[in-house]
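Inspection log for the structure reproduced underneath, given as structure tokens.
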Amino acid sequence: MRPIGVFGGTFDPIHYGHLRTAFEMLQALRFDEVLFTPCGDPPHRGTTFASGAERLRMVEVAIAGQHGFTADDRELKRDGPSYTIDTLLTLRAEFPDRALGLILGMDAFLGLPTWHRWQEILDTAHIIVAHRPGWKAPDLGPLGELITEYGTHRVNDLHATLQGRVHIHAVTQLEISSTEIRDLVAAGRDPRFLMPDAVRDEIEATGCYA
Ligand code: ATP
């Protein structure tokens, strides 16, 4: 049974940077599927701009028809801050025999030591880090130690154990951010070609970033 990728984020909105990263991971790491888990109440960033239902809907229309991509609303259904460790523990309970791979951009990985119970994440899942433009993997500090101790370049290692490895994987670098898209839309400009047209249509229909 191949691993399940878990790709969390605010997805406010989802864009091609997210989608291309998830797609390259799905293929290169031979994952069975990638779950997109929009967070309900992001612990690090205050409120979101679009509602949880709107962000979930944008994820759903973005991934529609892509085999192996699934929208997962467990964080939106949970009360309180959306801690990744809680999400991984529920997935571990649901899939006791499957490897789990938490997918993070390099910027998110660099913030990992500030996350709630971050040291328990590797007891539950692998950590897969996508190289993002302009970010360098740490070689010092707690994350440098994590990479030294648990890092692997071998994709097979992610299949051989259920959790506990750190894998850094280069993906096609698309310098797109949700912040930039929200700013564009708020300024009355067209975000076309930064995201699937279906997501752009949702943004237009809901007026969530106007
Ligand atoms: P914002 O601009 O609102 O901070 P964002 O574009 O960074 O949003 P998030 O939803 O916060 O998007 O990111 C979810 C995950 O996707 C994080 O792990 C982040 O590192 C990663 N990510 C975001 N943008 C890209 C991109 N262009 N390429 C690869 N990974 C990305």
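A few notes on this one:
- Condition check for GLU94: among the charged types (D, E, K, R), more than 13 Å from the chain's Cα centre (by Cα) and under 26 Å from VAL166 (Cα atoms): yes
- Test: residue in segment 81-88 that is within 14 Å of the ligand (Cβ to nearest atom), within 24 Å of LEU162 (Cβ to Cβ) and assigned to a loop (DSSP other than H, G, I, E, B): yes
- Taken over segment 52-83, the criterion of being surrounded by fewer than 18 Cβ atoms within 10 Å (Cβ to Cβ), small (Gly, Ala, Ser) and either at pLDDT 95 or above or within 16 Å of the chain's Cα centre (by Cα) (or both) is satisfied by ALA53, ALA64, GLY65, GLY68.
- Matching option when the condition is surrounded by fewer than 18 Cβ atoms within 10 Å (Cβ to Cβ) and at pLDDT below 95, among LEU184, LEU174: LEU174
- Taking each residue of segment 158-171 that is over 26 Å from GLY17 (Cβ atoms) and within 13 Å of the ligand (Cβ to nearest atom) and looking for partners that are in a loop (DSSP other than H, G, I, E, B) and at pLDDT 95 or above with beta-carbon atoms closer than 7 Å, six or more apart or interchain, yields nothing.
- Summed over segment 107-125, residues that are over 10 Å from THR84 (Cβ atoms) and touching a residue at least 40 places away in the same chain (Cβ under 8 Å) total 4.
- Residue count for segment 12-37, restricted to those that are more than 13 Å from ILE103 (Cα to Cα), in contact with a strand residue (DSSP E or B) (Cβ under 7 Å, 6 or more places away or on another chain) and near the ligand (Cβ under 10 Å from one of its atoms): 0
- The one condition in (1) of a type outside the set (D, E, K, R); (2) farther than 29 Å from ASP190 by Cα; (3) in a loop (DSSP other than H, G, I, E, B); (4) in contact with a helix residue (DSSP H, G or I) (Cβ under 9 Å, 6 or more places away or on another chain) that ILE14 fails to fulfil: (2)
- Residue check for VAL61: within 30 Å of GLU204 (Cβ to Cβ), in contact with a strand residue (DSSP E or B) (Cβ under 8 Å, 6 or more places away or on another chain) and either in a loop (DSSP other than H, G, I, E, B) or in contact (Cβ under 8 Å) with a residue 40 or more places away in the chain (or both): no
The values are calculated or read from the model by the stated rules, or taken from the named source; none is laboratory data. Here the structure is a predicted model, which is why all the values come from computation and not from measurement. With ideal geometry, Cβ positions are generated from the backbone for all residues, glycine too; neighbour counts draw on all protein chains shown.
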